Structure formats: C-alpha cells, structure tokens
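Notes follow once the structure below has been shown.
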Amino acid sequence: MTPNECTPTIDLPKSLDQLTTQEIERKACIGRIATYTLCSLTSTYVNQGFQWLLPVVLSQSTDPLWPDPSASIEKRLEVDIYGKPVRTMASMIVHKLIAASTAYPKLFILSPNVRLEKSERGKTGKHIYEFTQLDFEAKDATSKDVFSLVETVLCTLVKDLKKNMKDDLTTICRFDAIPTIEGPFKIFDREDLEAKYGATWETDIIAEITQPVWITNIPREFYDFEDFSTGRWDNYDLFMPQFGEILSGSKREYEYDKITEKIERDGVRKENFALIIKMAKEGRLKPTAGAGIGIERLIGYLTGVKHIAECQPFPRVPGIVHEL
Ligand code: AMP
Ligand code: MG
C-alpha cells in the first residue's frame, strides 16, 4: 500500500454516527491498535508483579493540579453525596500514595480522569476533557526504577505491535513512521533545556529527538519530591519524538514536615488532603515512586492522529459536547 492510499486522519474528531464508511474503517483500525496496546501494557505490569486495582471516580480528595505550569482548568466539578462534598477524579495520586503505602506495594489502575480543560485547548490535538491514565506506583522505588520499568513497558509494546499489528499500522501509514525504540532513554534536565532553547524548549526538543526522552526537575504539585537543599525536583515527564508528553511522574514526598510546608506554600486547601497529612504524621505514608501514562496520548502517538480524541470511541474535545 502506498502512503496516499492510507485512510486520512481527520481534523476534528466526530461522533460515531457522523462518520463516513471510510472513517468507520479507520476508527475500527485505531480501535484494534488500542485493544492491542491495552493488552500489552496491562500484561507487562502484571508480569512485573503489579496488582491491578479498579478505579474510583468520586472522591473528597483528588489531584489539586496546582501549582502546575501546564494545567488549564476551566471548572472543577463538585457535588454533594450523602451530605459530603466530593469531586470528580482529576487523578488518583492520593489514592495511589495511600494504597502503595499499605496493602498494594506495587499497583496500577486504568483510571478515568475528568479535567474540564479550557475550550481553546480543543485545538491542541493533545487535550481532551475525559481521558484515562495508566496510573502506577511502587513502594520503595526510585526514579531509576520507574525509568527502567517504563522503558520495558514501551519497548515491549512497540516491538510486539510492529510484529503483530502490521496490517492495521500499514492501513493508517504508521508502520514505517513509528521507530523501534530502545532503552535506556536519554535524560535531560529541564533547566538545561530552558537555558539552551528558552521558552520554546518543549516544541524544540520534540522536533529534534528520534527516540523517547526523559525530562527531569520540573517544579509542580506538593507530592512530587523536592530536594530543599538543592532546589531540584526528583520528577520526570516522558516525551515522544514529534509528539510530546505522554507521561508524568515522580519520586514522592512522604514526610509530614515537608508535605505540610509545601501545601502551605502552594496555597493548597489542607482540608482536602487531611488523610495523607495524618498518615504522614503517624509515619504510615511510605516512600514511593510512580507515574501516569496518558492512554489516549500514547495511542494518539502510535496511530499518528491529528487529534487524540480520534482514538476515543466517544470523543471528548474541550468545548464540544456530543449527545454520547
Ligand atoms: P499529569 O500528571 O497531569 O501530567 O497527567 C498525566 C498524564 O495524563 C500526562 O502525561 C498526559 O499523558 C495525560 N493527560 C493529562 N491531561 C490530559 C488531557 N487533558 N487530555 C489527555 N491526556 C492528558
Ligand atoms: Mg504532565
């Protein structure tokens, strides 16, 4: 099949009922690649000794998404149930920290997240207002442990996908476009990239790389580990070539004094994090590290879509609400 025979990607994802016959075939093809991806990811985590937890969606405590230079939330959803206020899940970070500190030392969750991104983010092609993270966390793990685990997960996925899904990848012109990847991935410090490229470092680095890269040392939410003596953050993002971020994670804070100091400093509402504060005070919050892989972003990278909502059966483009 020559490249111009490939079924074309569409600018703005449509709902299933609006697709042409050719677009339905393309949707089905992306769906098979998504199924293969989910099977591969979950098998690798299970094979590496991780327990598979099911997600929760309503909770008093969820990710503050603050301060995070890349966050853009139009509205937070809060509702009263049984006389208590709960929020829709922005990420299961708090749940992961407590679960990994207690009964589930190595865990992963396919976790639906609701983040009502500002409407203008509908055009980035990289933001949707409901998405799924493969969220994972491991007790006593270091950033290096997370790097090598993720490298195994992704290298296995890409290798097996190219071997077993050649026809579908060829149909959407991705077989030759996706490079075989090999760990260990290069590691860059965000400060060095800012010094080299300035404010546009994210787009510049994506254009330059041909393999995935780790970016470390990014100031953000209180639960990411910050070395107060050096000012360095022990956290990381994973960037894919020509695409950008598909994962964020870190070694975590677990000490009471640091957590309370950072919550105070960041102006985060303490009452929403009462349980981790209490567990930290009692020494029951343990050192962990982990990350969340954006599933639609990963599948979006693999399938080369213009907008990652094209990988969703029911697209969630910021600013656009369909009946389904
Ligand atoms: P975060 O910790 O906020 O970076 O979220 C973890 C991962 O989820 C990111 O690296 C992205 O892959 C994915 N993600 C975050 N926000 C969105 C969004 N609005 N739409 C799609 N994926 C997202
Ligand atoms: Mg991120």
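The values are calculated or read from the model by the stated rules, or taken from the named source; none is laboratory data. These numbers were taken from a predicted model, which means no experiment stands behind them. Reconstructed Cβ throughout: ideal geometry from the backbone, glycine too, with neighbour counts over all protein chains shown.
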Practice problem: Could you pull out the residue among C29, C6 that is surrounded by 13 or more Cβ atoms within 10 Å (Cβ to Cβ), of a type outside the set (G, A, S) and modelled with pLDDT under 95? | Solution: C6
Practice problem: Mind listing whichever residues of the stretch 176-196 are without any contact (Cβ under 8 Å) to a residue 40 or more places away in the chain, farther than 16 Å from Q242 by Cβ and surrounded by 12 or more Cβ atoms within 10 Å (Cβ to Cβ)? | Solution: E182, G183, F188, D189, R190, E191, D192, L193, E194
Quiz prompt | Of all residues in the stretch 53-74 being more than 16 Å from ligand 2 (Cβ to nearest atom) and assigned to a strand (DSSP E or B), the one that is surrounded by the most Cβ atoms within 10 Å (Cβ to Cβ) | solution = L53
Quiz item: Of the residues in the stretch 75-101, how many are within 16 Å of ligand 2 (Cβ to nearest atom) and assigned to a helix (DSSP H, G or I)?
Solution: 2
Self-check item: Those residues of the stretch 116-138 which are out of contact with any helix residue (DSSP H, G or I) (no Cβ under 7 Å at 6 or more places or on another chain) and outside any strand (DSSP E or B), in sequence order
Solution: K118, S119, E120, R121, G122, K123, T124, Y129
Quiz item: When you go through (1) under 20 Å from L275 (Cα atoms); (2) within 15 Å of ligand 1 (Cβ to nearest atom); (3) of a type outside the set (A, V, I, L, M); (4) part of a loop (DSSP other than H, G, I, E, B) one by one for Y104, which number turns out not to apply?
Solution: (2)
Practice problem: Out of K286, K278, report the one residue that is charged (D, E, K, R) and without any contact (Cβ under 8 Å) to a residue 60 or more places away in the chain. | Solution: K278
Practice problem: Just one of (1) assigned to a loop (DSSP other than H, G, I, E, B); (2) more than 16 Å from ligand 2 (Cβ to nearest atom); (3) closer than 20 Å to L65 by Cβ; (4) not acidic (D, E) trips up A141, so point out which. | Solution: (3)
Exercise. Scan the stretch 64-79 residue by residue and report those that are within 18 Å of L247 (Cα to Cα), in contact with an Asp or Glu (Cβ under 8 Å, 6 or more places away or on another chain) and more than 9 Å from ligand 1 (Cβ to nearest atom).
Key: P64, W66, P67
Quiz item: Is there a residue in the stretch 296-306 that is over 22 Å from K27 (Cα atoms), away from ligand 2 (no atom under 16 Å from the Cβ), of a type outside the set (G, A, S) and crowded, with 22+ Cβ neighbours inside 10 Å?
Solution: no
Quiz item: Can you name every residue in the stretch 197-238 that is among the aromatic types (F, W, Y) and free of Cβ contacts under 8 Å to residues at least 12 places away in the same chain?
Solution: Y197, W201
Self-check item: Candidates K262, K251, filtered to the one that is in contact with a Phe, Trp or Tyr (Cβ under 8 Å, 6 or more places away or on another chain) and surrounded by 20 or more Cβ atoms within 10 Å (Cβ to Cβ)
Solution: K251
Quiz item: Residues in the stretch 262-277: is at least one small (G, A, S) and either farther than 27 Å from W214 by Cβ or more than 15 Å from ligand 1 (Cβ to nearest atom) (or both)?
Solution: yes
Quiz item: Would the stretch 61-70 turn up any residue that is touching a residue at least 24 places away in the same chain (Cβ under 8 Å) and over 18 Å from the mean Cα position of the chain (by Cα)?
Solution: yes
Quiz prompt | Residue list for the stretch 119-134, filter: more than 10 Å from ligand 1 (Cβ to nearest atom) and surrounded by fewer than 19 Cβ atoms within 10 Å (Cβ to Cβ) | solution = S119, E120, K123
